[in-house]
Each structure stands twice: as C-alpha cells, then as structure tokens.
Amino acid sequence: MEPLLSVRGLRVETAPPGRRETLLRDIAFDIAPGESFALLGESGSGKSLTALSILRLLPDGLRVRAGEVRLHGQDLLRRPETAMRDVRGGSIGMIFQEPMTSLNPVMTAGRQLTEALGLHRGVRGRDARRAALQLLDEVGIDEAGRVFASYPHELSGGMKQRVMIAAALAGEPELLIADEPTTALDVTIQAQVLDLLKKLQADRGMAMLFISHDLSVVSCIAGRIAVMRDGGILEQAGAGEFFSRARHDYSRRLCAMLPDRGKRGVSLFDGARLPPPRGGEALAEVHDLAVHFPVRKGLFKRTVGHIKAVDGVSFALRRGRTLALVGESGSGKTTIARALLGLVEPSAGELRLAQPGAGNAWRRLRRRAQIVFQDPFSSLNPKMQVEQLIGEGLRARGAARGGALRERVAALLEQVGMPPDCMHRHPHQFSGGQRQRICIARALAVEPELIIWDEPTSALDVSVQARILDLFQRLQADLGLSYLFITHDISVVAYMAHEVAVMYRGRIVEQGETEPLLDAPGHRYTRELLSAVPALPAFAA
C-alpha cells in the first residue's frame, strides 16, 4: 500500500545568528492510510518538533535544512504557504498536549468549532451549528448543547480535550497528529480518550501519528512504534515485535525504569536494593475531616448551599511510611492537603498528634509539614536564585545566616543529588527533573516530619521519574519521613506506597495496605480505577 505520509531525511537546524545546531537528523518513516504510528521518547528527543516540521509550524529561529515530507506524494515542504492552510486542520488535524492553552479562552467551544467548520468545509450558520453539535456528540459529550455554549474555563480537563479532538476532526482529516493528548489526564479519563481515539480512527479510516513518552499508553494504541532520542530515530518496529524483542538498549532501559509492584524495594534507575523504611509508629490521625465551600447567589450573595469537597475523611499518617491518596481530579485529594497545611479552613474534623503538647494540633502539624507541587517551574520564583529559594525557610526560622546558610544550602543540594555550585543559578536554567530536586531541597530545609507530594512525577519523563522516585525512598529511609502521596498513577502507588486511600466525590471509599487492596479491591470505584490502567505487554529483558 502506498503511504499516506512519507518522511525522508528530515533535518532541522537552528538558524543564524549564532552557532548552528542540529535538532532533528535524518528522520524517516512512513504512515499508511488508517495506520496508527507512534513516536516514543523522552522530552527533548524531537517528537513534537517532528510533528511541527510536518505542518511547517516551526518557531522562529529553526529551519528545515534537508528532507522531504510527502502527503499523497506531494512534498509539503515545497508547497506555497497558502496551500498549507488547507493542509493544517484540513488534510492533517492536530491535538495538542494542553487544551487550555490551545483553545481560545474568550471564545465558546461552539464558536471555535463553527470557525473550523467554516474554514475547512465551508459550512456556516445553522448548518455549522448542527455539524458542531454532531462533532461534540461523536467525541462522547452527552450535553452537547451546554458544552457548545461554554467557555474553556467552564469545562473539565477531559471535556476540554474532547473539544480539542472535535476541532481537529472538523476538517475531516486523513491524518490526525495527537501530541501527548493524555499526559495531564486522570487514569479513567485517559482510558476514555484512548478508546475514543481508537473508535474515531476505525469509524473514519484515519491514520494517526501518536506522540508520547508513556510506553503503557503507546502499547494500547500504536500498530508501529519509532523510538526517538537526541533528535534521531533509534529503531522502528511493529508494536508486537517492539514489546517482545526491542533491539536497542535504550528501549529496554526505558521499560526497566517503569514503576510496578514487582520492583518494590529496588531502584528503578540502577536496580540496586533500596534501604528499608524505618519507623512505623503513628505521627498523626485525622478524624472526620470536612471542607465545605459555600455557594452564594443573588444580589446579597446569600449562601444557598455548599460544595462538599471533602466530606468526613479519616486516615492515619505513620513515620517512615507512605500513604497514597488516589482518585480522579475533583475527588478532594488536593483539598485535603490544603486543609492539613492551613491553606483552606476545615469545616469540621479532629486531628490527634502522637506527641502530646500545648497549642492547636493543626498548627503544630503545619510546623512539621512541607509540600512539593506537581509543576516545579510554577512553584519556584523565577527572579530568585537557588540559594535564595532554599535559604528562604532557613532565614524565616532564624536557623542560619551568611556563610552558615550557604553551607546548609550546599548540603541540601548534595542531599538531593544536585551540585552545590548551582546555587547561584535561576530556575529557568534547569531541566524539569532538576527543578523538582530543588523543590525537594527547599522542602527539606526546615527539617519536616511530613512531606505532602502533590502529583510530583506526573509531568516527568520515564528516566527522570525513576531518579526522583529513588530519591523519595532514600530520603524517607534516611530521615524517617512520613509521606502523603497524592497521585492518579496506580503504577507509582503499587511501587512505593505502603498504604492506599481511594477517594471518590470527597470521601474515602476504601483504604488499606497497598498489596492486599490492589489484589482484591472491595469497592466498585476502585475496581473501575484499576481496570482503566493501561497494561504494558511483557517486555524482553
């Protein structure tokens, strides 16, 4: 069969002024009509840059220096820009990773869909509205009329992604490019989006170029796989062949670094045995915690009801142990963390500390607790150097100043695997994994007993996640820290959590020791959550 898309010898370089650097080199692959082809690799490997090169959407300062990108035999790189307008959104549709930044915030979802329908299919007026509602229905949106009239900020993450898919389908593309479309989604929403993409592909006969760093997701959707690293393709193979006998060492290392329950107690990065956690005695017990937010309406903003974000939750935190809070977005996980830290006021609940003492128990717990957020870049002040960021807590407590403070910051950086000479650099000068290590050093600076991890690895590549998870466990063993680990990644929970609490609509519906709970979940929602986790095929060692 003749390929729908054929890429040959694609090379992308930085353009003068400055030193020329090759970002993509000799990229070559074919995609047949109706085929699902995946580009797999870590951040910076060139996956998204390849997709942007196909559509000729490279940012300023980058140029295609060589190669061909043929769609139905016509080289897109040599077509006039006016002709490319029909290709983008027409013959080739694209779903971007973050729908909130890709959708226009001042236009309703319906307006954005009808605009695409008018540009690519010449459909306008009532016909455009009818076609847009049909697209919303096709991507599995039940209340199509409401979503049609909604702005992006009024929709959930999964709903926004479905609107993005509908917009990409508006031009009836022959090839759909999906760039990390499920990275920020909960496991159940991710499963729904993957099923939707497979169904749409089968119904419409589309080809798909799927870009991801997640091997489990790729295994669910791709027929063929190409592994990228440092701007080049290391190997290509059918999915079955790739997962049974990958040829390249890098591909095999990627899979070896994925967390799962069979690797508990073992370093994901180098296979070494991790030190066992110490402690186990109680640190604190939370009883019947509730956080209710008032709903106010009318001219005088009278309270007409409450949103029960957290409703009667109880759990225990133990020294040297990890309690994982698992559930979908909106289930109340982060609200619990915010209540523990005093960032929202609990509506009800009792806290009992293992160590008796004077004063309010909630305030005493907060003095012992720190939090590390999901996005390290937005968590760090871009104007401050690392020394200032980490030393801020030390200065506030009067723990160190001057030369002593610099020595303490250097020791903290070494503790999290960062060179001390980086303390005079700013956050933008580091990679995502390095920034997360800086956030961890900042949390450790005030010598906490409890660290709350709020989705700390969800945006990280496989190898970076492996290093960070190793670091978490080594710090816990060395310092006897208690962890409250908030996540939707069941594989991470199975790998490192000692206990699990499953949240659904503000309540804990099931909790217990990790392995028994994962082996025999008792609640219907827990079973649904586990069944939505993509299963990775057996990978050749």
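In region 373-380, is there at least one residue being buried (at least 19 other Cβ atoms within 10 Å of the Cβ), of a type in the set (A, V, I, L, M, F, W, C) and under 19 Å from Ala282 (Cα atoms)?
Checked region 373-380: no residue is buried (at least 19 other Cβ atoms within 10 Å of the Cβ), of a type in the set (A, V, I, L, M, F, W, C) and under 19 Å from Ala282 (Cα atoms).
So which of Glu350, Glu345 is outside any strand (DSSP E or B), of a type in the set (Asp, Glu) and either touching a residue at least 12 places away in the same chain (Cβ under 8 Å) or over 26 Å from Gly279 (Cα atoms) (or both)? Walk me through it before giving the result.
Details: Glu350 fails: outside any strand (DSSP E or B).
Just one listed residue meets the conditions, Glu345.
For region 87-112, what are the residues that are of a type in the set (S, T, N, Q) and either touching a strand residue (DSSP E or B) at 6+ places or on another chain (Cβ under 9 Å) or in contact (Cβ under 8 Å) with a residue 40 or more places away in the chain (or both)?
Step one: list which residues in region 87-112 are of a type in the set (S, T, N, Q), which gives 91, 97, 101-102, 104, 108, 112.
Within region 87-112, Ser91, Gln97, Ser102, Asn104, Thr108, Gln112 qualify.
With respect to Tyr495, is the statement that it is within 24 Å of the chain's Cα centre (by Cα), part of a helix (DSSP H, G or I) and of a type in the set (Phe, Trp, Tyr) true? Explain how you work it out, then say what you get.
Working: within 24 Å of the chain's Cα centre (by Cα): yes; part of a helix (DSSP H, G or I): yes; of a type in the set (Phe, Trp, Tyr): yes.
Judged against the criteria, Tyr495 is a match.
Of everything in region 433-469 that's assigned to a helix (DSSP H, G or I) and in contact with an Asp or Glu (Cβ under 8 Å, 6 or more places away or on another chain), which residue is modelled with the highest pLDDT? If you could, list the steps in order and put the result at the bottom.
Taking region 433-469 and keeping what is assigned to a helix (DSSP H, G or I), we get 433-444, 462-469.
Filter once more, so that each one left must be in contact with an Asp or Glu (Cβ under 8 Å, 6 or more places away or on another chain): 433, 442, 462-464.
Numbers: Gly433: 77, Arg442: 91, Val462: 84, Ser463: 84, Val464: 82.
Going through the qualifying residues, I end up with Arg442.
Quick one: what pairs do we get from region 66-86, first residue modelled with pLDDT of 90 or more, second assigned to a strand (DSSP E or B) and loosely packed, with under 14 Cβ neighbours inside 10 Å, C-beta under 8 Å, 6+ apart or different chains?
Every condition considered, the pairs that remain are Ala66/Gly9; Gly67/Gly9; Glu68/Gly9; Glu68/Asp75; Val69/Asp75.
As an exercise: evaluate Gln134 against (1) modelled with pLDDT under 90; (2) part of a helix (DSSP H, G or I) and give the number of the one condition it does not meet.
Status for Gln134: all satisfied but (1).
Could you please find all residues in region 60-106 being within 19 Å of Glu180 (Cβ to Cβ), of a type in the set (Asp, Glu) and exposed (fewer than 14 other Cβ atoms within 10 Å of the Cβ)?
Those that are within 19 Å of Glu180 (Cβ to Cβ), of a type in the set (Asp, Glu) and exposed (fewer than 14 other Cβ atoms within 10 Å of the Cβ): none in region 60-106.
Residue pairs, Cβ under 6 Å, 6 or more apart or interchain, first in region 27-55 and of a type in the set (D, E, K, R), second part of a loop (DSSP other than H, G, I, E, B). List them.
Within 6 Å, the pairs are Asp30/Pro3; Glu35/Gly223; Glu42/His213; Glu42/Asp461; Lys47/Gly41.
Only one of Arg318, Arg338 is crowded, with 16+ Cβ neighbours inside 10 Å, under 23 Å from Phe373 (Cα atoms), touching an Asp or Glu at 6+ places or on another chain (Cβ under 9 Å) and modelled with pLDDT of 90 or more; which? Before the answer, list the steps.
Details: Arg338 fails: touching an Asp or Glu at 6+ places or on another chain (Cβ under 9 Å).
Result of the check over Arg318, Arg338: Arg318.
Looking at (1) assigned to a helix (DSSP H, G or I); (2) of a type in the set (Val, Ile, Thr); (3) farther than 17 Å from Ile165 by Cα, which is the only condition Thr101 fails?
Every listed condition holds for Thr101 apart from (3).
Report, by residue number, each residue of region 183-212 that is crowded, with 21+ Cβ neighbours inside 10 Å, under 26 Å from Arg56 (Cβ atoms) and within 24 Å of the chain's Cα centre (by Cα).
Listed by number, the residues that qualify are Leu197, Met208, Leu209, Phe210, Ile211, Ser212.
List, please: which pairs have Cβ atoms under 7 Å, are six or more places apart or on different chains, and start with a residue in region 266-281 that is at negative phi and end with one that is surrounded by 13 or more Cβ atoms within 10 Å (Cβ to Cβ) and among the polar types (S, T, N, Q)?
Listed by first residue and then by second, the contacts come to Leu274/Ser267; Leu274/Gln473; Pro277/Gln476.
List the pairs whose first member sits in region 426-455 and is surrounded by fewer than 22 Cβ atoms within 10 Å (Cβ to Cβ), whose second member is among the charged types (D, E, K, R), and whose Cβ atoms are under 6 Å apart, counting only residues at least 6 apart or on separate chains?
Pro427/Arg435; Pro448/Arg368; Glu449/Arg368; Leu450/Arg368
For region 113-136, give me the residue count where each residue is surrounded by fewer than 21 Cβ atoms within 10 Å (Cβ to Cβ), in contact (Cβ under 8 Å) with a residue 40 or more places away in the chain and out of contact with any Gly (no Cβ under 6 Å at 6 or more places or on another chain).
2
Which of the numbered conditions does Gly403 fail, given that it passes all the others? Conditions: (1) surrounded by fewer than 16 Cβ atoms within 10 Å (Cβ to Cβ); (2) closer than 21 Å to Pro382 by Cβ; (3) not β-branched (Val, Ile, Thr).
That leaves (2) as the condition not met.
For the list (1) among the aliphatic types (A, V, I, L, M); (2) touching a helix residue (DSSP H, G or I) at 6+ places or on another chain (Cβ under 7 Å); (3) modelled with pLDDT under 90, I need the number of the one condition that Ala166 fails.
Evaluating Ala166 over (1) among the aliphatic types (A, V, I, L, M); (2) touching a helix residue (DSSP H, G or I) at 6+ places or on another chain (Cβ under 7 Å); (3) modelled with pLDDT under 90 leaves (3) as the failure.
The values are calculated or read from the model by the stated rules, or taken from the named source; none is laboratory data. Everything numeric in this text was worked out from a predicted model, so none of it was measured. Because the Cβ atoms are built from the backbone with ideal geometry, glycine has one as well, and the counts that use them run over all protein chains shown.
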